[in-house]
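Novice: Mind looking over this structure? Questions follow.
Bear in mind that the values in this text are calculations on the coordinates, not laboratory data. Just so you know, these numbers come straight off a predicted model, no measurement behind them. All Cβ positions, even for glycine, are placed from backbone atoms using ideal geometry, and neighbour counts span all protein chains on display.
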Amino acid sequence: MLTTKAKLLWALVTVLVLVYALFPVLSILATSFKAPSDLTSGTFLPSSGTATTANYEQILVGDAQGLFLSALRNSIGISLIATFIAVVLATLCAYAIARLDFPGKKLVLTTALAVSIFPVISIVTPLFNLWRTIGLYDTWLGLIIPYLSLTLPISIWTLAAFFRQIPWELEQAAQVDGATTWQAFRKAIVPLAAPGVFTTAIIAFFIAWNDFVYGISLTSTEAARPVPAALAFFTGASQFEAPTGAISAAAIIVTIPIVLLVLLFQRQIVSGLTSGAVKG
Amino acid sequence: MTSAIPARTTTAASAEPGPHLDTGEDKGNGRTGKAPKQYSERVRAERRLGWILAGPAFVIMLLVTLYPILQAIYESLFRFRLTAPGEREFIGLGNYAVILTDPVWWSGLWTTVLITVVTVLVELVLGFALALVMHKALKSVRGLLRTAILVPYGIITVVSAFAWFYAFDINSGYINNWFGWLPGIDQDLNWFAQGPTALFVIMASEIWKTTPFISLLLLAGLAQVPDELTEAAKVDGATWWEQMRKVIIPNMKAAIMVAVLFRALDAFRIFDNVFIMTNGAYGTEVLSLLAYRQSISRLEIGLGSAVSVLLFICVLLICFVAIKLFKVDLAGSQGGK
């Protein structure tokens, strides 16, 4: 159907997009396999024969493991909890917005929008002070709470958009067919709503996982410091050694979950991002 | 002449009024229309349930933003250093006077505005190109393209900052080697030792990471331009450029405006890339970093709060201007509504 010329053109465009999207990732991947002596070689790839996994060993089982593994545990724990709370609250909220008639619906959506454009740094200063006073500074909860300001608004918008597309009549139809209220909800509605909830969870997780400002401002030790903040404070094995290799290896490790989620759920993520933001 | 046909006639009828900046036309389910003054028990129960379900999310959103900003406004009126809590003193708008007469604030503001304007413009063009590619792509490569595009979207900004930093860094980088043949680039070019080159890399990282988001928003807008319109224009002999300019872009104006506003507000808050690459040195200080430095590094809570409040006011201003513009555009694009 396509002419050879068009095929070639598409191949070229595809390659260009792939290079655009993946080059920086490949760049840091290559750096993560460089030996310390090879870091200044000025080449993209490690010099032949010198590629090493020492950087990964350093952060996973070596000197820097205390720093990195605790940060990884913090990041995973805090992001998952913040995502879970946001998605549960947003599901209830979005259900009400899509399904029920109550005054203030517009107010809830507008608030979500306002919160999502709020400059994070404006929230940080007062929280920093308050958290120190009430003992939430440098704790998981001290990050989970402000993370909700990032994850809740987008979850509400995305889920409200999803829920509006659900044919809720199915629920009544199932009840007419003899199902109980609970059965109707579980058999007819849950299968339709679940993908939206799941997609929202992925998007919210990405946002929590990406946080940096709260991470560096509201933590001070390994007790709660998440990976992005820990990366910024990484130091080399000695004061004369740049932590380039270790940071690159850590960067690759925290990018793996993102790449996996994207590979498995690209279709859902795209539909979630596009339906939540612009419609009509 | 095809461009005069309102594209919304097909979508307006079918589409629910989805989430939108302008929630003014939210569906409302005939709240005003059907409701008699005496609400039935059922209506009242539904309203109560609505607030029971939406309430917790609403209250939490207010608690995590409204409370801190009010606190920041209050604290910005004091001379207050955490290291000397006893010397807390009410000085009214004194902190604001200090900041607004300090060249550091103004240079930070201009740097932030420069970054916002440049990145949003580049991202709009690049994002539109990517959206067109994804829109037109064959089934066989569509999944691959979307997956690739989502990698920068999902990646941690700090990781992106390090990737770009190490590639350009004078010690660990290879960019000087690769592009040594370009005028102005040689082995000794230290990208992060002067403002313009440092800003270039900072913006490159920012653009790389956030263009996918804008392109997905634009893709959603593209999908709403009815194919018949483009086909009709093609039949009428319109060139590709004319189709773009007269049919496609006018019909997705709303999507473009929403994407630009979202990205501009996000770019205005830029922090991570600057913090990692230069930490604000050589004239790359941005407003978020300035606020961070005052309150978290120097523990000048009063001054830091005032910077935070000023930053917040800037965001409100951008929003206000944009939404004023939006009103016009939305009214135009809503067709029959």
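Novice: List the residues of segment A:1-25 whose backbone N lies under 14 Å from a point placed 7 Å from the Cα of B:LEU144 along the Cα-to-Cβ direction.
Specialist: A:7-22
Novice: First check a/c for chain A, with a ≥ b ≥ c the square roots of the eigenvalues of its C-alpha gyration tensor; if it is under 1.5, answer rounded, and if not, answer prolate when a/b is larger than b/c or oblate otherwise.
Specialist: It is oblate, given that a/c is not under 1.5 and a/b is not larger than b/c.
Novice: Further question on the same structure: I need the peptides B:248-258, A:159-169, B:103-113 ranked by packing, meaning the mean over residues of other C-beta atoms within 10 angstrom, with the highest value on top.
Specialist: B:248-258, A:159-169, B:103-113
Novice: Right, here's the next one. Based solely on C-alpha atoms, express the radius of gyration and the Dmax of the protein assembly as shown in angstrom.
Specialist: Gyration radius and largest Cα-Cα distance of the protein assembly as shown: 25.5, 83 Å.
Novice: Choose one answer from B:ARG42, B:ARG298, B:ARG269: the residue with the largest mean-square fluctuation in a GNM of chain B with alpha-carbon springs under 10 Å.
Specialist: B:ARG42
Novice: Please identify, among A:ASP177, A:ASP63, A:ASP138, the residue showing maximal mean-square fluctuation in a Gaussian network model of chain A using a 10 angstrom Cα cutoff.
Specialist: Maximum fluctuation in the GNM of chain A, among the listed residues, is at A:ASP177.
Novice: Across segment B:122-271, how many lysine pairs, 8 or more positions apart or on different chains, have C-alpha atoms separated by under 22 Å? Please give the number.
Specialist: Qualifying lysine pairs in segment B:122-271: 5.
Novice: Still on this structure: Which of rounded, prolate or oblate describes chain B when judged by the alpha-carbon gyration tensor and an a/c cut-off of 1.5?
Specialist: The shape class here is oblate.
Novice: Say each of A:ALA173 and B:LEU100 gets a label point 7 Å from the Cα, pointing the same way as Cα to Cβ; how far apart are those two points in nm?
Specialist: 6.2 nm
Novice: Got a sec? How would A:TRP209, B:TRP241 order by Cβ neighbour count within 10 Å, fewest to most?
Specialist: B:TRP241, A:TRP209
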